[in-house]
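The values are calculated or read from the model by the stated rules, or taken from the named source; none is laboratory data. Just so we're clear, the structure is a prediction, and the values are computed from it rather than from any experiment. A quick note on method: Cβ atoms are made from the backbone with ideal geometry, for glycine too, and the neighbour counts reach across all protein chains shown. These accessible areas exclude ligands, DNA and RNA; they are computed on the full protein's heavy atoms, side chains included. Shrake-Rupley method; radii C 1.70, N 1.55, O 1.52, S 1.80 Å.
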Amino acid sequence: MKARPSPPEGALPHSRKGEGEKRRTMRFVDVTLRDAHQCLWSTRMTTAMMSPILGTLDRIGYDVINVLGGAVFDVCVRYLQENPWRRTQMLCERLETPVDALTRGQSLYTFELFPDDIVELNSQVLARLGVGIFTVYDALNDNRNLESSVRSGKAAGMKVNGWMTYTLSPVHTDAYYAERARELVKLGVDFMCIKDPTGLLTPERGRTLFPAVVAAAKGVPLQLHSHCQSSLAPEVYTVAMQSGFEYGYTALEPLGNGASLPTTQEIHRRALALGMRSNLDADAMTEASRYFEWLTVRESQPRGEIARYDAALYEHQVPGGMISNLRSQLQAMGIEHRLPEIMEEAARVRRDLGYPIVVSPFAQFIVTQSVLNVVQGERYKTIPDEVRKYACGYYGRLAAEPSAEFMERANIRPEERVTERPAEHIEPWIPKLRAKLGAGVSDEDLLLAAFYDEKLLAPLRDPVPECRPSTTPLYELVRWLHDRRDIQRARIRFAGTEINFAS
């Protein structure tokens, strides 16, 4: 794992809690290159957009920079035609700060369950590319789905971070999460994190939940990853810091807030106000934030705005991006006016299914079933195969039993129920893939072939598209003016010099 840059002297707070009293350090994991643009820009930040600012990100003083996750991997292939392995390799080579990659446990980057040999090969590839921190989670919090990732990640030399996904239900109690934390301790993770993908955590819940998880973690460093969809996340981070959490996931302005995570600047201010130490450099944060502010203009992408509190979020728990997509689909069908009915039905379907966490792929299962129930005018007249597989335990252990009404309509027989670890019923893939692709195929290409159809892989650009290692505000402005076709004349005054442009 790469050595951390020395913390800048000016980053330490001026206040002192008391002579001789040791102050805790709040550490930060940056998500600007991953989760932030996933939430606000539909994951459309390219490698070329990231490259010029990497040196500045290093100077900020983050402990970890998260660069890869399921959506980033998928969008690279499907829409950007970038090879995700080459992006990861370039970022690992250029960044001095340790790099983090996130996978969905046994599903890795997609929604399909993969056999252990594919999971293990993925860990080996990430480690070879330079990833230092390997983060894994399961959408059902079934930690059996993390076993092969944790084992292979540590064997490959990476530190492993285990996530627990937060949700609200009668069964997702403080005791439930404390038990999940104890399971992660037994697996041997180096860090653990509470992941709150929809921003459902409140300060009040944090005051009971966080101490319970800290006690169960038995000294394993704890992290918080909470989105701002309810607008409460900054207050929740304050409670986490007071409870003993050591790391917070944040995004630089202007890619924080909204459906994204809290801004690094906001949580940094709160840490200092609590008397904690920080390794962050405020000047470097400002410089990087100005670059991303420019990108919002250049690429016509939205900036994060503080969300308004919405009490309905705590009932249906559906992420905002999914609601927007659903509204568009209903509009195309001419039934947009039925969206409120569908959202109410989503809360009922979730109860009937045993309170799955509203994240992919189960969020899609819930919404699809809700649309069918409303549009067909009869609950569970049609049940998609994927919903039945979920109820049978194909994806993992359910938090609670589905309702009698659902089980009766689904006509699930006892022999269809899966009780073993999901990967146990999946045969190894690598021997067949190597036989199909040839003995000389690289591990990276073998994994891509396991994840995607050949037609999707054909357009991938390899190596990484041309990237500039640095930039300046003047260069960005001149380049932007050059590319614009609607500006005929421009005048720039810079450092005592005047530059005139004409088309």
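When Tyr395, Tyr452 are checked against the criterion of being in contact with a Pro (Cβ under 7 Å, 6 or more places away or on another chain) and not basic (Lys, Arg), Tyr395 stands alone in meeting it.
Considering only residues that are open to solvent by 60 Å² or more (accessible area, probe 1.4 Å) and of a type in the set (S, T, N, Q), which ones fall in region 419-442? The answer is Thr419, and nothing else. Considering region 235-288, and only residues there that are among the acidic types (Asp, Glu) and either farther than 20 Å from Arg205 by Cα or touching a strand residue (DSSP E or B) at 6+ places or on another chain (Cβ under 8 Å) (or both), the residue that is most open to solvent (accessible area, probe 1.4 Å) turns out to be Asp283. Of the conditions (1) surrounded by 21 or more Cβ atoms within 10 Å (Cβ to Cβ); (2) small (Gly, Ala, Ser); (3) touching a residue at least 40 places away in the same chain (Cβ under 8 Å), Ala181 fails just one. Which one is it? The failed condition is (3). When Ala435, Ala439 are checked against the criterion of being closer than 30 Å to Leu129 by Cβ, without any contact (Cβ under 8 Å) to a residue 40 or more places away in the chain and assigned to a loop (DSSP other than H, G, I, E, B), Ala439 stands alone in meeting it. Looking only at residues of region 328-356 that are outside any helix (DSSP H, G or I) and at pLDDT below 95, we find that the one that is surrounded by the most Cβ atoms within 10 Å (Cβ to Cβ) is Ile335.
Within region 442-486, being without any contact (Cβ under 8 Å) to a residue 24 or more places away in the chain and either farther than 24 Å from Gln81 by Cβ or among the hydrophobic types (A, V, I, L, M, F, W, C) (or both) holds for Ala449, Ala458, Thr472, Leu474, Tyr475, Leu477, Val478, Leu481, His482, Arg484, Arg485, Asp486.
For Phe365, the conditions (1) among the hydrophobic types (A, V, I, L, M, F, W, C); (2) open to solvent by less than 60 Å² (accessible area, probe 1.4 Å); (3) in a loop (DSSP other than H, G, I, E, B); (4) without any contact (Cβ under 8 Å) to a residue 40 or more places away in the chain are fulfilled apart from (3). Of everything listed in (1) touching a residue at least 40 places away in the same chain (Cβ under 8 Å); (2) out of contact with any helix residue (DSSP H, G or I) (no Cβ under 9 Å at 6 or more places or on another chain); (3) hydroxyl-bearing (Ser, Thr, Tyr), the single unmet condition for Tyr79 is (1). Restricting region 192-234 to residues that are among the aliphatic types (A, V, I, L, M) and closer than 22 Å to Thr264 by Cα, the residue that is most open to solvent (accessible area, probe 1.4 Å) is Leu232. One residue stands out among those in region 407-418 that are without any contact (Cβ under 8 Å) to a residue 24 or more places away in the chain and either closer than 13 Å to Arg397 by Cα or part of a helix (DSSP H, G or I) (or both): the one that is least open to solvent (accessible area, probe 1.4 Å), which is Met407. Just one of the numbered conditions (1) among the β-branched types (Val, Ile, Thr); (2) over 21 Å from Gly162 (Cβ atoms); (3) without any contact (Cβ under 8 Å) to a residue 60 or more places away in the chain is not true of Thr88: (2). Restricting attention to region 291-323, which residues are of a type in the set (D, E, K, R) and surrounded by fewer than 16 Cβ atoms within 10 Å (Cβ to Cβ)? Within region 291-323, Glu293, Arg298, Glu299, Glu305, Arg308, Asp310, Glu315 qualify.
When Phe191 is tested against the conditions (1) more than 26 Å from Tyr309 (Cβ to Cβ); (2) over 18 Å from the mean Cα position of the chain (by Cα); (3) aromatic (Phe, Trp, Tyr), the lone failure is (2).
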